[in-house]
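Notes follow once the structure below has been shown.
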Amino acid sequence: MRIIHRLTQYQRLYQKFGDQLAATTVGELAELLFCSERHTRTLIQQLQSNDWLSWHSQVGRGKRAQLQCLKTPDTLRATYLKLFLEQGDHQAALALAQLEPERLQTLLNPHMGGQWQADSPILRIPYYRELEPLNPMLSTGRAEQHLIYTLHAGLTRFNTGDPQPKPDLAHHWQVSDDGLTWQFFLRSQLRWHNGEHIRGEQLLQTLALLRANPRSEPNFANISAIGLSHALCLKFTLIKPDYWLAHRLADLPCRLFHPDNPQLGAGPFKLATFDQRLVRLEQHEYYHLQHPYLEIIEYWITPNLVMPSTDGSCQHPVRITIGQEEDYPLARPVQRSMSLGFCYLAVNQHLSNMTPQQITKLLMIVQTSGILEELSMSRGVITPSHEMLPGWPIPHFVSDDDPALPTHLILTYQPPMELKSVAEQLKNLLVAQGCTLEIRASHDKQWKGTHQIESADLLLADHLVGESPEATMESWLRLDPLWRGILSSEQLLQQQKILTDIQQIELESERFRQLQAYYNNLMQSGLILPLFNYQYQVNAPPRINGVTLTAYGWFDFSQAWLPPTTT
């Protein structure tokens, strides 16, 4: 863009002369700007007419002109960034921000939060890291998963705060009396984000891709066939009844994308820009359900832009602050919730390096040492777990004897910062027991395969729980490589049989009861121990309304709204 190029040239002048009056010639400036003397004269005239600099030439051979830069480059960038954003020209704003990324924080601060610009309600969110590609079959981060739910529809969906699956691309569904045939009747006039009509054949292609993908395949293992009864009806034929099916189809591994482009969906927002500096969502004009109020959502990736918390420390990723810099003193918690998901300690009994008595002693040390309570007080964002889910109490471990622990154990932990602290404190505790704990860090947010698990005795990780908690916990046992890594072949076969029996129970309360009983056995045997839950919180200034936390700790973009700017 011309203005970006002009700013770059002016930056060279300012770096050379600053804001002081300087004597120079057109020839010297041409060398500095890497252009001809004729173009340099034209550029000086343009900059002077815009009041960026003053230029006074003198008559006579060898006479030097007087040049003075009148504005700093940062002042000019801030001015044009505001202009571009107000005009809705995000590509120009992005190009301007990339021109000087180390000063992005100062440039962007006044434009964060909710604003009306170019007659559209826009929400700009500063984010502390670069986002993974928003591919439903690959993404693992909490923010990425939230965006995928926003971009991609499913046959069914979960509304925030409601554990029952609701119609989405499917207008409704029917289940045969024997539970083996499920028919999902599609809405008419469905469209992809590019405006193309959604055809049943395309959804069949996407479902075939999901059935072949290792990450989502277990959700389809009980399905013998998927076909089209007619153009607007998808027919699922099951091997055995599965009364979780509508729940599964609403979950992330079953989001339906265009078969030729995984980033093209049919959700309430479409992906307009995906750049290492900016991720921009725009409202899907052909969305088949109620349209959101917000027109545009932008994530500005600014690793150095850290929102201040009330105690002056860095903002934790589970605490989101919406607003401009001047709004921070006004920002108040508008939504708080305890995460249903939890960080956990898993014991690899398949490795067989510990006896049941040693496992009991180890878990008792974790529960009675106070490390979780200390972590809760120091971080202020976690609460030690007492239940796996509400109404699913965690057993308390008591060691009647005092077996010696193994002299060496290996622990692998995943990214949440608190888990590194747990690992280090547990290492110190085990030294007194004559046990050396070798700590290994995994940089993946989810287990990608059993190869990450099989060599570790202990594993620390985070498990997210969605809007339908029991359905999420059932899917966890099917989908997560954790269980294939820590269970023996016999235990895996037994688990599969139990889950198959549970899925065939039509009465929901009985399904829940039997699933809880199975998890209670897993906890009692020392395979899995929930450690703590996160305290999700969204802070926002008074003018941002409709902020509702999802089960994953982000706020529902389809419900947030901004009052129009009045004059």
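A few notes on this one:
- Cubic angstrom per residue, convex hull over Cα atoms of the stretch 1-99: 93 Å³
- Note on the stretch 109-149: Rg/Rh from Cα positions, Kirkwood definition for Rh, rounded to two decimals, is 1.09.
- Distant-in-sequence amide contacts of L264, defined by a placed amide H-H separation under 5 Å and a gap of 5 or more residues or a different chain, comprise H258.
- Of all lysines in the structure, those lying under 29 Å Cα to Cα from K427, and not within fewer than 8 positions of it along the same chain, are K361, K445, K448.
- Residues whose amide H comes within less than 5 Å of that of L186, counting only those at least five positions distant or on another chain, are H171, C233, L234 (H built at 1.01 Å from N in the peptide plane).
- Rounded to whole numbers, the Karplus 3J(HN,Hα) couplings from phi for the stretch 488-502 are 6, 4, 5, 5, 5, 5, 5, 4, 4, 5, 5, 5, 5, 5, 5 Hz, using 6.51 cos²θ - 1.76 cosθ + 1.60 with θ = phi - 60°, and x at Gly and Pro.
- Percent RCO, i.e. relative contact order, over the chain, from Cα pairs under 8 Å lying at least 6 residues apart: 16 percent
- Database remark: amide H of L228 closer than 5 angstrom to the amide H of K235 (H placed geometrically; neighbours at sequence offset of 5 or more, or on other chains; Pro and chain starts carry no H).
- The separation of the stretch 46-79 from the stretch 344-380, counted between C-alpha centres, amounts to 68 Å.
- On Cα atoms only, tilt of 37-49 relative to the major axis of the chain in degrees: 80 degrees
- Helix-only [θ]222 nm of the chain, DSSP H runs n ≥ 4, -39500 (n - 2.57) each, per residue, nearest 500: -9500 deg cm²/dmol
- Alpha-carbon spread of the stretch 454-567, three principal axes, descending order, Å: 71, 38, 20
- Karplus-derived 3J(HN,Hα) values for the stretch 79-85, using 6.51 cos²θ - 1.76 cosθ + 1.60 with θ = phi - 60°, are 5, 6, 4, 4, 4, 5, 5 Hz; glycine and proline are entered as x.
- Whole-percent P(r), the stretch 187-310, all Cα pairs, 5 Å bins from 0: 2, 9, 15, 18, 17, 14, 10, 7, 4, 2, 1, 0.
- Global geometry of the stretch 353-463, whether rounded, prolate or oblate, following the gyration tensor of its Cα atoms and the 1.5 cut on a/c: rounded
- Within the shell defined by Cβ-Cβ distances under 12 Å, the residues around L458 carry a net charge of 0, with Lys and Arg each +1 and Asp and Glu each -1.
- For the chain: accessible area per residue (Å², 1.4 Å): 44 Å²
- Reachable lysines from K166, criterion Cα separation under 24 angstrom, eight or more residues apart if same chain: K235, K240, K270
- Correct choice for P(r) over Cα pairs in 20 Å bins from 0, in percent that was computed from the model, options [x] 16, 40, 27, 13, 4, 0; [y] 22, 56, 21, 1; [z] 18, 43, 27, 10, 2, 0: [z]
The values are calculated or read from the model by the stated rules, or taken from the named source; none is laboratory data. Keep in mind that what you see is a predicted model, and the values were worked out from it rather than measured. Neighbour counts are summed over all protein chains in view; Cβ atoms, including those assigned to glycine, are modelled from backbone coordinates with ideal geometry. Areas reflect the complete protein model, heavy atoms only, side chains present, ligands, DNA and RNA absent. Shrake-Rupley method; radii C 1.70, N 1.55, O 1.52, S 1.80 Å.
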